[in-house]
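The structure appears right after this line, and notes come after that.
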Amino acid sequence: MYSKEEQRRLFDLSKKLLAQPEPTDASSISELRETIIYHEWRYYALNDPVVSDFEYDMLYKKLQAIEAAHPQLVTPESPTQRVSSDLTEEFNLVEHLTPMLSLDNSYDAEDLKEFDERIKNYLGLPADLDIEYCVEPKFDGGTIALVYENDQLVRAATRGNGALGDEITANIRTLRSVPLRAEFSKFGIAKAELRGEALIRKDVFVKMNEQRAADELTLFANPRNAATGGLRTKDPSETASRRIEAFIYQLGYAVDANGNNAFGLLKSHDDTIDLLGKLGFKIPQDTPPNLERKVCKNITEVAAFCVEWQNKRESYGYEIDGMVVKANSLELQQRTGSTAHHPRWAIAFKFKAKQATTKLLNVEFQVGKIGSITPVAKLEPVALAGVTVSSVSLHNEDFIRNKDLRLGDTVLVERAGDVIPYIVKPMEELRDGSEQEIVFPTNCPVCQTQLVRAEDEAAWRCENPDCEAQVIQRMIYHVSKNAMDIDGFGESQIERFFRLGWLRNIADIYRLDYEAIAQLEGFGEKSANNLRAAIEKAKKNPIHRLLHSLTIHHLGIKAGKILAAEVQNIWELKDWDEERFRQIKDIGPVVTHNVIRFFQHEKNVEILKEMESLGVNFTQTEEDRPKAVNADAPLVGKTILFTGTLMKMGRKEAQAKAEAAGAKNTSAVSGNLDYLIVGEDAGSKLKKATALGTVTIMTEDEFLELVGG
């Protein structure tokens, strides 16, 4: 539809229009319409936007403002005069019983206040009158419309263009959260149309992608795409396999057997949601601890509830991109009515953007604690989910090559979990030929040692253990929470003490001069004493923490605990050969090789001797010793693996029960596996275990019966 040159022009025009603080004049109207139509095509037709939702909304608002100032210039083809479409040609089209309109957007308390004032002005209500609102999550999934007639589900459709939608009845019938029968007739309703959102719980989505990776299938981009794609599949069994759920958030249409309005005694939106809950639909809950829906007495309370949810959105089980604010009174909704685009009585409070576009300016190459070279993108600063992002990890050379990233690219950046930013993709259609290839270094950027890359690894490494960057990173990790857990001793202090010449290896951490530290700006005697206490406490740590803190490649927390359980003193490992390591079931050849190599390095041994002389514990503690298991425990000496989704307990709880029964948990199917416990949607691991023929396969209930509940 658009050439690359045209897309670059429209993208640049979008940025220009966004940079204008206010709509200029009627001459801007054609440019705004042109860019908005382009971005709608990218979002709805290709499902591949090049601007964030926030940026699109800003363009839309600018167009609305100009058209409001110049109503004579409004045309039927303007984006403001229609509802965006997501129609496909694969399904029958059906007409909704009432139009499914879009929502106007707000971004802060001031926008909500203006919305409240608009309703009062429109209805001629006093400015100091409190309007009651119902607020609920704005789910980020696929919008659906369900029609029930004579208590039976007779039709389901996508939102489509708001008037017509794709019929997906067979697929929706597979959703267990959607009742096939609901007794509307008990409330005098013969025919009803409900609105809702089909979506996939975040933890389910993670497991789904893990299974797809194991089955060597393409991973889903996000829960929204997986849900909307599942609604439109031609095979209902595929829909069922994605474990889609449906939240119902509105009773949009209700008539009795004679076709008359059947809302009856329902006076508020909140009443209708409660009714739907009573009929068995999944609805936003209005009681603690799951306070998803709240009736607020005024717009000030609404704003506080929206901000509360913005702060806790990532802890919620489903993807949401805002909150929906609705005038609670059905009578007030009817009096207020709608525009061609949105209801006047409802608005969306949009959370801060999680995606944005920006420029890739440069790439720096950083050296990690085991010499791994990590490329870090330096970006034109961009606001993203409440923070300014200017640096993003590019992981490794393969990541750069697979995404075909180039210096000067316009890139789409996302903040995963509102914490870790990453580059989703470059906007290839916006390239103008000035972009440059990212050249990966052949030598360490710090010590100039030639880099090497193992055949089975993605990372290039500097193999000089004395590389200054590695030394600093090893000390930073040594004091971290996952390792020796020295409270109050972080990256900035390590780097500062290193620059002062006080730290040259991890042993120096245990011989710091606290009197000198107390004299430093920003410390003082109290801070120095606190640091002393934290380090003295760390000296008494169990040896599994010490082993993990030494940055031996591939020796993680689990392997550290396994080795600590096998020795009375860390020095025993220095004398072990490969045969001794092979006697330990869960220690593989890679860890074996790396531990032996570590103790063969004379400088490592010297550092350990210094640490021991400085009082660091090298002897097995009670915490290091394996937990005692009764000899007659049902799973003594057995290995066990859980796959699929467990319905009666979480994975960690199940693994704890297995350990208490004497079993060792493992992560892969092999000839050493004794038991495979199968939950819902088990995939390739079940197939592999079945093919082996030596693995005992159990259901979750059989496992619980075996271990005693």
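What is the log10 of I(q)/I(0) for the stretch 576-709, computed with the Debye formula using one identical point scatterer on each Cα and no solvent, at q = 0.09, 0.22 Å⁻¹? Results for the stretch 576-709 at q = 0.09, 0.22 Å⁻¹ read -0.40, -1.30. Applied to the stretch 578-583, the Karplus parametrisation 6.51 cos²θ - 1.76 cosθ + 1.60 on θ = phi - 60° returns per-residue 3J(HN,Hα) values of 4, 4, 5, 5, 5, 6 Hz, with x for Gly and Pro.
Between the stretch 153-226 and the stretch 366-433, what's the alpha-carbon centroid distance in Å? What the calculation gives is 34 Å, centre to centre.
At R0 = 35 Å, how high is the FRET efficiency between Lys378 and Lys61 if r is their beta carbon distance? Nearest 0.05 is fine.
Taking R0 as 35 Å, the efficiency between Lys378 and Lys61 is 0.65.
Think of it this way: in the chain, Cys134, Cys296, Cys306 stand alone, with no other Cys Cβ under 4.7 Å. On the principal axes of its alpha-carbon atoms, the stretch 219-275 has extents of 48, 24, 13 Å, going from largest to smallest.
Taking each residue as 0.36 nm, the span from Ser27 to Arg532 lengthens on full extension beyond its C-alpha to C-alpha distance by 174.9 nm. For the stretch 468-613, lysine pairs with C-alpha atoms less than 17 angstrom apart, excluding pairs fewer than eight positions apart on the same chain, total 14. Each residue, Asp485 and Lys403, gets one label point 7 Å from its Cα in the Cβ direction; the gap between the two is 3.4 nm. Ordering His553, His96 from the fewest to the most neighbouring beta carbons within 10 Å gives His553, His96.
Do any GluC sites (Glu not before Pro) in the stretch 152-260 lie in a DSSP loop with no more than 14 other beta carbon atoms within 10 Å, and if so, which? Present the calculation step by step, with values, prior to reporting the outcome.
On the way: sites: Glu167, Glu183, Glu193, Glu197, Glu210, Glu216, Glu238, Glu245; in loops: Glu183, Glu216.
For GluC sites (Glu not before Pro) across the stretch 152-260 that sit outside H, G, I, E and B with at most 14 neighbouring Cβ atoms in 10 Å, the list reads Glu183, Glu216.
As a rough footprinting exposure proxy, the listed residues Val605, Val595 were ranked by other beta carbons within 10 Å of their own, and the order from fewest upward is Val605, Val595. For Arg453 and Asp701, the difference between the fully extended length at 0.36 nm per residue and the C-alpha to C-alpha distance is 84.6 nm. Exceedance of the 26 Å cut-off in Cα-Cα distance is limited, within the set Lys297/Lys354; Lys4/Lys425; Lys369/Lys652; Lys113/Lys425, to Lys297/Lys354; Lys369/Lys652; Lys113/Lys425. By the count of other C-beta atoms within 10 Å, a proxy for reagent exposure, Thr35, Thr233 are ordered fewest to most as Thr233, Thr35.
In the stretch 120-162, the convex hull through the Cα atoms has an average projected area of 6.0 nm², a quarter of its surface area.
Please list 140-151, 437-448 highest first by mean number of surrounding beta-carbon atoms within 10 Å per residue. It would help to have the intermediate numbers written out before the result.
Values: 140-151: 20.8, 437-448: 14.3.
For the peptides 140-151, 437-448, the packing ranking is 140-151, 437-448.
For the stretch 516-662, taking the reciprocal of the average inverse distance between every pair of different Cα atoms yields a Kirkwood hydrodynamic radius of 18.1 Å. Sequentially through the stretch 481-486, phi angles give Karplus couplings (6.51, -1.76, 1.60; θ = phi - 60°) of 4, 6, 9, 7, 6, 8 Hz, Gly and Pro residues having no value and appearing as x.
Computed over the stretch 4-81, the alpha-carbon pair-distance distribution with 10 angstrom bins reads 19, 55, 25, 1, each value a whole percent.
The equivalent ellipsoid that matches the C-alpha gyration tensor of the stretch 293-427 spans semi-axes of 42, 17, 11 angstrom, in descending order. Its residue count N fixes a reference of 2.2 N^0.38 Å for the stretch 355-437, and the Cα radius of gyration divided by that reference is 1.06. Relative to the longest principal axis of the Cα atoms of the chain, the long axis of helix 29-40 lies at roughly 60 degrees.
Helix 269-278 axis versus longest C-alpha principal axis of the chain: approximately 70°, rounded to the nearest ten. Modelled spin-label separation between Tyr122 and Ala340, with each label point placed 7 Å from Cα along the Cα-to-Cβ direction: 1.6 nm. Given their separation in residues at 0.36 nm each and the Cα-Cα distance between them, Ala516 and His70 gain 153.4 nm when the chain is fully extended. The Cα atoms of the stretch 492-562 define a convex hull whose projected area, averaged across directions, is 5.4 nm². Placing +1 on the Cβ of every Lys and Arg and -1 on the Cβ of every Asp and Glu, with nothing else charged, gives the chain a dipole about its Cα centre of roughly 900 debye. Annotation note: trypsin sites (Lys or Arg not before Pro) in the stretch 310-357 located in DSSP loop regions with a Cβ neighbour count of at most 10 within 10 Å are absent.
Evaluate E = 1/(1 + (r/R0)^6) for Asp577 and Phe618, where r is the Cβ-Cβ distance and R0 equals 22 Å; express this FRET efficiency to the nearest 0.05. Numbers along the way, then the final one.
Working: r = 21 Å, r/R0 = 0.93.
Step by step, r from the Cβ atoms, then E = 0.60.
What share of Cα pairs, in percent, lie more than 49 angstrom apart in the chain? For the chain, the share of Cα pairs beyond 49 Å comes to 31 percent.
Here the Kirkwood formula, the inverse mean of 1/r across different C-alpha pairs, assigns the stretch 639-707 a hydrodynamic radius of 11.8 Å. A simple packing score, the average count of other Cβ atoms within 10 Å per residue, orders the peptides 13-19, 69-75 as 13-19, 69-75, with the highest score first.
Given only helices, namely DSSP H runs of n ≥ 4 each adding -39500 (n - 2.57), what is the per-residue ellipticity at 222 nm of the chain, to the nearest 500 deg cm²/dmol? Walk me through the numbers before you get to the answer.
Details: 24 runs with 242 residues, N = 709.
My calculation for the chain gives -10000 deg cm²/dmol from helical runs alone.
Read the figures in this text as sums done on the coordinates, not as results from a lab. Note that this is a predicted model, so its numbers are computed, not measured. All Cβ positions, even for glycine, are placed from backbone atoms using ideal geometry, and neighbour counts span all protein chains on display.
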